[in-house]
1. With respect to residue 7, determine if the residue is over 29 Å from the mean Cα position of the chain (by Cα) and either modelled with pLDDT of 85 or more or surrounded by 10 or more Cβ atoms within 10 Å (Cβ to Cβ) (or both).
2. Scan segment 61-78 for residues that are charged (D, E, K, R) and closer than 16 Å to residue 46 by Cβ and jot them down.
3. Does any residue in segment 72-100 that is farther than 30 Å from residue 53 by Cα come within less than 9 Å, Cβ to Cβ, of a residue that is surrounded by 10 or more Cβ atoms within 10 Å (Cβ to Cβ) and modelled with pLDDT under 80 six or more places away or on a different chain, and which pairs are these?
Amino acid sequence: MTVQSFLQRGAKRASFEADKLQRTLKVQNTIGSLRTQIRGKVTHLGETALRLYRQGALVEEELKAIGQAIEALEAHIAEKETELAQIKAETFPEEEPLSAGQPGMGSRVCPNCGQAIPVEMRFCIHCGAPLPPSSEGQS
C-alpha cells in the first residue's frame, strides 16, 4: 500500500465517520423531538383529565384520585407561598441605642463621650478614655 492510497483510505474513513456522526445526531434529534411530542400529549391528557375532574365529569376512580391529589398539592403550594411571603417580610429587630445617662443593666456611661459601656471595662470601647472604677464592680 502506497502512502497516497493510505491517505486516501484515511480520508474516506474520516468522511464516513463524519457522515455517520451527522446521521446519528439527526436521528437522535428526531427521537428527542418525538419524545417531546409524547410528553406534550401526556401533559394534555393529564390537563384534560384534571379539567373533567374539576367539572365533575370524570368517572374513573383512579383518575379522580389523581385529581384530588393534585388539588391537595396545589393547596399545599398556596400555603407554602403564603408562609414564604411572611418569611420574606420579616425584618431583624433593631436594638434600641442606650442614651447618655441611661445605661442598661451591667453597663454605665462614659464620662468622656456619653456612650453606654459594660460596667467591667476599664477603658471606653468607643473613645478609649480611661474610666474610674465602677461602684458595681466594687463589692
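1. Numbers: over 29 Å from the mean Cα position of the chain (by Cα): yes; either modelled with pLDDT of 85 or more or surrounded by 10 or more Cβ atoms within 10 Å (Cβ to Cβ) (or both): yes.
When the stated conditions are applied, residue 7 passes them.
2. 62, 64, 71, 74
3. So the pair list comes out as 98/104.
Yes/no per residue for (1) in the same structural domain as residue 53 (by TED's automatic domain parsing); (2) modelled with pLDDT of 85 or more; (3) among the β-branched types (Val, Ile, Thr):
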site: 80; (1), (2), (3): yes, yes, no
site: 84; (1), (2), (3): yes, no, no
site: 101; (1), (2), (3): no, no, no
site: 105; (1), (2), (3): no, no, no
site: 109; (1), (2), (3): no, yes, yes
site: 124; (1), (2), (3): no, yes, no
site: 129; (1), (2), (3): no, yes, no
site: 136; (1), (2), (3): no, no, no
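The values are calculated or read from the model by the stated rules, or taken from the named source; none is laboratory data. Worth saying up front: this structure is predicted, and the values here are computed from it rather than measured. When we count neighbours, we look across all protein chains shown, and the Cβ atoms used for this are built from the backbone with ideal geometry, even at glycine.
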